[in-house]
């Protein structure tokens, strides 16, 4: 295993002849911590989860150092090739050691040199979204749960409490409506972890919608996570589970 890294469609070893200086590990994001001094009370008032009910994070910032293998092409040519593709650009990034997930963010590159000067090193700095993303969407991973949900005058309920597709990180799904007729499609949603009870939304036409108060999560073993559809139409639920 070369411990290679793929940026967009370019692999660090096979396309650029780079070998990482050790196994790449992506830096964890810093939690966003908000505290308030309370006069006359011990300690601090922690408001970090007061708006969301779960932790939120800053972007991941770090870098990966690579050794440049000799005798493939001139350093100037390689430097320009990598810079044109990556420097200042937003790309996906996936690790050979963690092939089920990818990261997304912006990069910058710089040359460095090892202590004895026998080869050149290239450093790729990254600024990434806090979470890594699973390579498959909900429609690919669990199509029987999330694809072609058809309602025609009856109520269809999905119990997602134990569905591993949802993951442990809260995510806002996208709803894709088609064949909507009559009074439309009504959604009723419950997520006990986040204190959401019988939240109701009605859609009267076709197209994609995101409701930012409909949040899928399974952070605990005793969550109640259900979604029901009634009315007339068809719905696909599209999201991609995430992880730290």
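The values are calculated or read from the model by the stated rules, or taken from the named source; none is laboratory data. This one's a predicted model, so the numbers in the text were calculated from it and none came from an experiment. Every residue, glycine among them, receives a Cβ derived from its backbone with ideal geometry; neighbour counts consider all protein chains shown.
Could you say which residue among 185, 166 is out of contact with any helix residue (DSSP H, G or I) (no Cβ under 8 Å at 6 or more places or on another chain), in the same structural domain as residue 211 (by TED's automatic domain parsing), at pLDDT below 95 and crowded, with 19+ Cβ neighbours inside 10 Å?
Numbers: 185 fails: at pLDDT below 95.
166 is the lone residue from the list that is out of contact with any helix residue (DSSP H, G or I) (no Cβ under 8 Å at 6 or more places or on another chain), in the same structural domain as residue 211 (by TED's automatic domain parsing), at pLDDT below 95 and crowded, with 19+ Cβ neighbours inside 10 Å.
One residue stands out among those in region 142-153 that are modelled with pLDDT of 90 or more and part of a strand (DSSP E or B): the one that is farthest from residue 54 (Cα to Cα), which is 152.
I'd like to know if region 69-86 contains one or more residues that are farther than 25 Å from residue 120 by Cα and exposed (fewer than 14 other Cβ atoms within 10 Å of the Cβ).
Keep residues of region 69-86 that are farther than 25 Å from residue 120 by Cα, which gives none.
No, region 69-86 has no match at all.
Mind checking whether some residue in region 189-203 is touching a residue at least 60 places away in the same chain (Cβ under 8 Å) and under 21 Å from residue 140 (Cβ atoms)? The answer is no, given that none of the residues of region 189-203 is touching a residue at least 60 places away in the same chain (Cβ under 8 Å) and under 21 Å from residue 140 (Cβ atoms). Only a single item in (1) touching a strand residue (DSSP E or B) at 6+ places or on another chain (Cβ under 9 Å); (2) closer than 20 Å to residue 14 by Cβ; (3) part of a loop (DSSP other than H, G, I, E, B) is not met by residue 72, and it is number (1). One residue is enough: does region 206-222 have a residue meeting the conditions over 24 Å from residue 102 (Cβ atoms), buried (at least 18 other Cβ atoms within 10 Å of the Cβ) and over 20 Å from the mean Cα position of the chain (by Cα)? The answer is no, given that none of the residues of region 206-222 is over 24 Å from residue 102 (Cβ atoms), buried (at least 18 other Cβ atoms within 10 Å of the Cβ) and over 20 Å from the mean Cα position of the chain (by Cα).
Just checking, does region 26-48 include any residue being under 13 Å from residue 69 (Cβ atoms), more than 21 Å from the chain's Cα centre (by Cα) and either assigned to a strand (DSSP E or B) or at pLDDT 95 or above (or both)?
Residues of region 26-48 under 13 Å from residue 69 (Cβ atoms): none.
Looking through region 26-48, none of the residues is under 13 Å from residue 69 (Cβ atoms), more than 21 Å from the chain's Cα centre (by Cα) and either assigned to a strand (DSSP E or B) or at pLDDT 95 or above (or both).
Conditions tested, residue by residue: (1) in contact with a helix residue (DSSP H, G or I) (Cβ under 8 Å, 6 or more places away or on another chain); (2) over 19 Å from residue 55 (Cβ atoms).
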site	(1), (2)
139	yes, yes
189	no, yes
192	no, no
196	no, no
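If you take the residues in region 100-119 that are closer than 16 Å to residue 16 by Cβ and surrounded by fewer than 17 Cβ atoms within 10 Å (Cβ to Cβ), which one is modelled with the highest pLDDT? Result: 108.
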